[in-house]
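**Student:** Take a look at the following structure, please.
The values are calculated or read from the model by the stated rules, or taken from the named source; none is laboratory data. Quick caveat, the model's predicted, so the values are computed rather than measured. Glycine gets a Cβ as well: all are built from the backbone with ideal geometry, and neighbour counts include every protein chain shown.
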Amino acid sequence: MNMEMLLMGAVLSMLGLAVTCMAFGAATRGADREPVKEKPATKPSIPAPRFFVDPSRQVPIEALLLQIENHVRLEQAAAESFLQAPDSARLHSRTTSALVN
Amino acid sequence: MINADLLQSLDPSEAERVLALGRRMVLTSGAELFHLGDAADCIYLVDRGRIRLTLPMQVRSREEDVLVEERSSGQTVGWSALIPPYRFTLTARAPLETEVIALPREALDEYFAAHPATGYAVSLNLSSVIGQRLQLFQAMWLREVQRMVELRCA
């Protein structure tokens, strides 16, 4: 009887060890088969180069015409200021025109 | 209206006689007074309102009338009528209801032939109007050339 119980305990121990080994193996195999994929490093978004894009193209034509008109008025005012007191500084004074700034 | 730039230094009665040679015209908002290239038979004095003087310009492959100058009450427009070859070199349009006095060249020529002192005074005034325009656009032109040079040499 004692012998039977000893054998039973040994069998159960072997069985438990086998189950533990199988579980361990399964766990480690799963890790090998599915390696963690590294996500590509996210690059900071850089606007596409626009070397050949004329910025004035972005402005609606009505707005562009208003800019031209405003430019003419400002230039005329600057020229009138020069004529009032002619000197080089006034002749080349800067205006706030969007077309030249 | 006797204070118009073209009539400066004339005594009021003489200025009235010159004005009597003309006819009043009321332009509704947006109406064209004359067009680039038209025969120029009349010179105009702006009595009230405004006149926009424009030139055609290519903007994105479209021809647009671009403001060159604006004239208001007391100022003269259309002096091409007194300068050969008597063709308008700008287009004139009223941006709001505007009243002008149209003085025909023929009537002025006849009157000035009979009244040379008045003709001389008006000619001096006209020279002044033209001279101011020339100086103004000379300065504007040079400013644009300066910018072009800066851009090319940048």
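**Student:** Give the residues of region B:98-154 that are within 14 Å of another protein chain (Cβ to nearest Cβ), charged (D, E, K, R) and free of Cβ contacts under 8 Å to residues at least 40 places away in the same chain, sorted by residue number.
**Tutor:** Once the filter is applied, which keeps residues that are within 14 Å of another protein chain (Cβ to nearest Cβ), charged (D, E, K, R) and free of Cβ contacts under 8 Å to residues at least 40 places away in the same chain, region B:98-154 yields B:Arg143, B:Glu144, B:Arg147, B:Glu150.
**Student:** Sticking with this structure for a sec: Return the only residue of A:Leu83, A:Leu65, A:Leu74 being touching a strand residue (DSSP E or B) at 6+ places or on another chain (Cβ under 7 Å), at pLDDT 65 or above and closer than 30 Å to B:Trp141 by Cβ.
**Tutor:** Step by step, each of A:Leu83, A:Leu65, A:Leu74 is checked, and only A:Leu65 is touching a strand residue (DSSP E or B) at 6+ places or on another chain (Cβ under 7 Å), at pLDDT 65 or above and closer than 30 Å to B:Trp141 by Cβ.
**Student:** For region B:115-154, which positions are among the charged types (D, E, K, R) and either at pLDDT 95 or above or within 17 Å of A:Pro86 (Cβ to Cβ) (or both)?
**Tutor:** B:Arg133, B:Arg143
**Student:** Going by the conditions given, is B:Glu63 surrounded by fewer than 17 Cβ atoms within 10 Å (Cβ to Cβ), farther than 25 Å from A:Leu83 by Cα and within 14 Å of chain A (Cβ to nearest Cβ)?
**Tutor:** Here the answer is yes, as B:Glu63 does meet what is asked.
**Student:** Continuing with the same structure: Within region A:83-94, which residues are assigned to a loop (DSSP other than H, G, I, E, B) and at the interface with chain B (Cβ under 9 Å from one of its Cβ atoms)?
**Tutor:** A:Pro86, A:His92, A:Ser93
**Student:** Restricting to region B:8-39, and then to whatever is in a helix (DSSP H, G or I) and out of contact with any strand residue (DSSP E or B) (no Cβ under 8 Å at 6 or more places or on another chain), can you tell me which residue is surrounded by the fewest Cβ atoms within 10 Å (Cβ to Cβ)?
**Tutor:** Among residues in region B:8-39 that are in a helix (DSSP H, G or I) and out of contact with any strand residue (DSSP E or B) (no Cβ under 8 Å at 6 or more places or on another chain), the one surrounded by the fewest Cβ atoms within 10 Å (Cβ to Cβ) is B:Ser13.
**Student:** Quick check on this structure: which one of B:Gln58, B:Gln146 is part of a strand (DSSP E or B) and exposed (fewer than 15 other Cβ atoms within 10 Å of the Cβ)?
**Tutor:** B:Gln58
**Student:** Going through region B:96-117 one residue at a time, which ones are small (Gly, Ala, Ser) and assigned to a strand (DSSP E or B)?
**Tutor:** B:Ala102 - this is the single residue of region B:96-117 that is small (Gly, Ala, Ser) and assigned to a strand (DSSP E or B).
**Student:** Restricted to region B:92-124, and to residues that are closer than 19 Å to B:Asn3 by Cβ and touching a strand residue (DSSP E or B) at 6+ places or on another chain (Cβ under 8 Å), which residue is surrounded by the most Cβ atoms within 10 Å (Cβ to Cβ)?
**Tutor:** Among residues in region B:92-124 that are closer than 19 Å to B:Asn3 by Cβ and touching a strand residue (DSSP E or B) at 6+ places or on another chain (Cβ under 8 Å), the one surrounded by the most Cβ atoms within 10 Å (Cβ to Cβ) is B:Val100.
**Student:** Based on what the data block shows, is B:Arg52 among the charged types (D, E, K, R) and either in a loop (DSSP other than H, G, I, E, B) or in contact with a Leu (Cβ under 8 Å, 6 or more places away or on another chain) (or both)?
**Tutor:** yes
**Student:** On to the next question. Mind telling me which of the residues A:Pro40, A:Pro60, A:Pro55 ends up being closer than 30 Å to B:Asp65 by Cβ, loosely packed, with under 10 Cβ neighbours inside 10 Å and modelled with pLDDT under 85?
**Tutor:** A:Pro55
Here's the yes/no breakdown for (1) within 16 Å of B:Leu126 (Cα to Cα); (2) in contact (Cβ under 8 Å) with a residue 60 or more places away in the chain; (3) under 11 Å from the mean Cα position of the chain (by Cα):
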site: B:Gly22; (1), (2), (3): no, yes, no
site: B:Asp47; (1), (2), (3): no, no, no
site: B:Arg50; (1), (2), (3): no, no, no
site: B:Pro56; (1), (2), (3): no, no, no
site: B:Leu67; (1), (2), (3): no, no, no
site: B:Ala81; (1), (2), (3): yes, no, yes
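**Student:** Still on this structure, please answer the following. When region A:70-97 is examined, which residues are found to be among the charged types (D, E, K, R) and either crowded, with 16+ Cβ neighbours inside 10 Å or more than 49 Å from the chain's Cα centre (by Cα) (or both)?
**Tutor:** A:Glu75, A:Glu80, A:Asp87, A:Arg90
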